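What follows is one structure encoded as structure tokens, with my remarks underneath.
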Amino acid sequence: MGAIQRFDCLKALSRLAGDALVVSSAGAVTLEWNAARSSDGNFRVRTLGLCSSIALGVALGLPERKIIALDGDGSLLMNLSSLATLARMKPKNLVHIVFDNEVYEASGKKKTATGAGADLVGLARAAGIQNALWAGSIEEFAQAVERALNGAALTFIGVKVGTERAAVPPYPIDEVENKYRFIRYVEKTEQMVILSANLPASYE
Amino acid sequence: MNSTEAAQSIVAGLRDAGINLVATLPDINLAELLRAVEEERDFIHVPLCREEEGIGICAGAYLVGKKCAAIMQNGGFFNSNNAIVSTLLQYQIPLLLMIYFAGDVGDRTFGSTGSMTEPVLQALGIRYYIMRDSEDAPELIRRAQVLTEDCRRPVALLLTKEVLGRRAALRSL
């Protein structure tokens, strides 16, 4: 049996995610997720490490909406303190998924600390996230995601994956367009106004 | 104003500016302000472990309609620089940065941090205002929030001991 492929996990996730807002980490996971579920409800992170924090902000701001973070081992290792902050804030609507391939995949495939034994699920638990588990197969992964999306507790799901990348198209939009499309998507699906402009001074 | 009144004045300014999510990391000079932030029921308060997290949290909350402020020391502002550049500036996301000005003139701690604060803000193209008057604080906060929203870039307010009610103001500063 070969290693679990991240793209297979993402395809399974796309069948379960519904209209959840998805924040995905800097790296190939974003391109693969865009291929699996193209949506204006996807937000691509460019700062390595910041995925978990941006997802926490989205989750705190929209507590009734399901939010999924798609993180990587290199990214999370750079922002381990975010696990303690997540545990402290306990957003019930957030599912934090980490694809752990044990390398800095986009940076020359150098080994990360998880390749030397660091256990991200153990770290998440020790930080205070009680629902933290490893998924050992696509089926286990899908079951864990389904439970988390149907439940009401902050959940951390780790899955060890291979280092292969799927053949997927480039990300179709730049950062500023991603921001506006995401905001407009939230406005439309939540029936709220986020961005508004003032009348020119001559109207006052 | 004493430090408790000064803290209440700043929190009133944040509230009037429409701020409803505040991410913080303590400094002894921010103690009264953070206590007042914690007690303000209109705020979602997010205590941070490291300031850069706060930039991400505030950026995420902005995307779904929150108005955010991040309160930290200038050392924490330095900790946050990658996120400020590659998230806030790259995506054109506004944020009110409330930065305690350690190493300000006459402040015995962190002189080098104080020396580099304004040059780094200038290098990043972040407009900033040094707050020294507690009575002006609410109006300056409201104006800074208008500026950050309109230019879709972070704006910094440097919190001095004077505006925090921890030493007397000088007329020439």
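The values are calculated or read from the model by the stated rules, or taken from the named source; none is laboratory data. What you see is a predicted model, and the numbers here were worked out from it, not measured in a lab. In this analysis, Cβ positions are derived from the backbone assuming ideal geometry, glycine residues included, and neighbour counts consider all displayed protein chains. Only protein heavy atoms, including side chains, enter the accessible area calculation; ligands, DNA and RNA are left aside. Shrake-Rupley method; radii C 1.70, N 1.55, O 1.52, S 1.80 Å.
In the protein assembly as shown, what percentage of the DSSP-assigned beta bridges are antiparallel, given to the nearest 5?
Within the protein assembly as shown, antiparallel bridges account for around 5 percent of the total.
Give the carbon-plus-sulfur fraction of the accessible surface of segment B:130-173 in %, rounded to a whole number; probe 1.4 Å, heavy atoms of protein chains only.
Here carbon and sulfur together make up 46 percent of the probe-accessible area.
What ranking of B:H45, A:H96 comes out by heavy-atom accessible area, probe 1.4 Å, highest first?
I get B:H45, A:H96, largest accessible area first.
May I ask you to rank B:F78, A:F99, A:F7 by accessible area, largest first, using a 1.4 Å probe over the protein chains only?
I get B:F78, A:F7, A:F99, largest accessible area first.
Would you please give the FRET efficiency between A:A106 and B:R171, computed as 1/(1 + (r/R0)^6) with r the Cβ-Cβ distance and R0 = 45 Å, to the nearest 0.05?
It comes out at approximately 0.25.
Output wanted: per-residue J couplings in Hz (rounded whole) for segment B:87-94, from phi through Karplus 6.51 cos²θ - 1.76 cosθ + 1.60, θ = phi - 60°, x for Gly and Pro.
Going residue by residue, I get 10, 4, 6, 5, 9, 6, 10, x Hz, with x marking Gly and Pro.
Please name which of A:G57, A:L133, A:N101 has its Cα lying farthest along the dipole of chain A towards the positive end, using unit charges on Cβ (Lys, Arg +1; Asp, Glu -1) and the Cα centre as origin.
Of the candidates, A:L133 comes out farthest on the positive side.
In what order, largest first, do A:M89, B:M72 sit by accessible area if the probe radius is 1.4 Å?
Listed by decreasing accessible area, they come as A:M89, B:M72.
If amide H atoms are built 1.01 Å from N in the plane of the peptide, which residues on other chains or at least 5 residues away come under 5 Å of the amide H of A:W134?
A:G158
Relative contact order for chain A using alpha-carbon pairs under 8 Å, separation at least 6, rounded to a whole percent?
Taking the mean separation of contacting Cα pairs over the length of chain A, I get 24 percent.
Counting only protein heavy atoms and using a 1.4 Å probe, what share of the accessible area of segment A:109-168 belongs to carbon plus sulfur, as a whole percent?
The nonpolar share, carbon plus sulfur, comes to 49 percent.
Once the piece of chain linking B:D136 and B:T109 is laid out straight, how much longer is it, given 0.36 nm per residue of separation minus the C-alpha distance between them?
Working: separation 27, 0.36 × 27 = 9.72 nm, distance 2.59 nm.
Gain on stretching B:D136 to B:T109: 7.1 nm.
If you take the accessible area of B alone plus A alone and subtract the pair, what total do you get in square angstrom, rounded to 100, with a 1.4 Å probe? Let's see the in-between values first.
Values: alone 8320 and 10350 Å², together 16220 Å².
It comes to approximately 2400 Å² buried between B and A.
Take the Cα pairs of chain B, get the Kirkwood Rh, then feed it into Stokes-Einstein at 37 °C and 0.692 mPa s and tell me D in µm²/s. Write out the running numbers ahead of the final one.
Numbers: Rh = 15.6 Å.
Reported coefficient: 210 µm²/s.
Buried by at least 40 Å² relative to the chain on its own: which residues of segment B:3-48 qualify, computing accessible area with a 1.4 Å probe on protein heavy atoms?
Residues shielded by partner chains are B:P47.
Under 5 Å between amide hydrogens, which residues at least 5 positions from B:I44 or on another chain qualify, with H placed 1.01 Å from N in the peptide plane?
Under 5 Å from the amide H of B:I44: B:L21, B:V22.
Express in nm, to one decimal, how much length is gained between A:K92 and A:I173 on full extension, taking 0.36 nm for each residue of separation and deducting their alpha carbon distance.
Values: separation 81, 0.36 × 81 = 29.16 nm, distance 3.05 nm.
Between A:K92 and A:I173, full extension yields 26.1 nm more.
Show the residues, 5+ positions off or on another chain, whose built amide H is closer than 5 Å to the amide H of B:Y100.
B:M72, B:Q73, B:N74, B:L159
To the nearest 0.05, how large is the calculated FRET efficiency for A:D19 and B:D42 if R₀ is 25 Å and r is the Cβ-Cβ distance?
Step by step, r from the Cβ atoms, then E = 0.30.
Taking the Cα-to-Cβ direction at A:A153 and at B:R127 and moving 7 Å from each Cα, how far apart do the two end points lie in nm?
Label at A:A153, label at B:R127, 4.8 nm between them.
Using only alpha carbon pairs under 8 Å that are at least six residues apart, calculate the relative contact order of chain B and give it in whole percent.
Rounded, it is 27 percent for chain B.
Along Cα→Cβ, 7 Å out, is where each label goes; now give me the distance between the ones at A:D119 and B:N81 in nm to one decimal.
Going by the 7 Å Cα→Cβ label model, 3.8 nm.
Would you mind working out the accessible area per residue for segment B:1-91, using a 1.4 Å probe, and quoting it in Å²? Kindly include the intermediate steps, with their values, before the conclusion.
Values: 3030 Å² over 91 residues.
Solvent-accessible surface per residue comes out at 33 Å².
Quick one: accessible area per residue over chain A, 1.4 Å probe, rounded to a whole number of Å²?
Ligands and nucleic acids excluded, the result is 45 Å² per residue.
Using a 1.4 Å probe on the heavy atoms of the protein chains only, list every residue of segment B:51-68 that has 50 Å² or more less accessible area in the complete assembly than in its chain alone.
B:E53, B:I57, B:L63, B:V64
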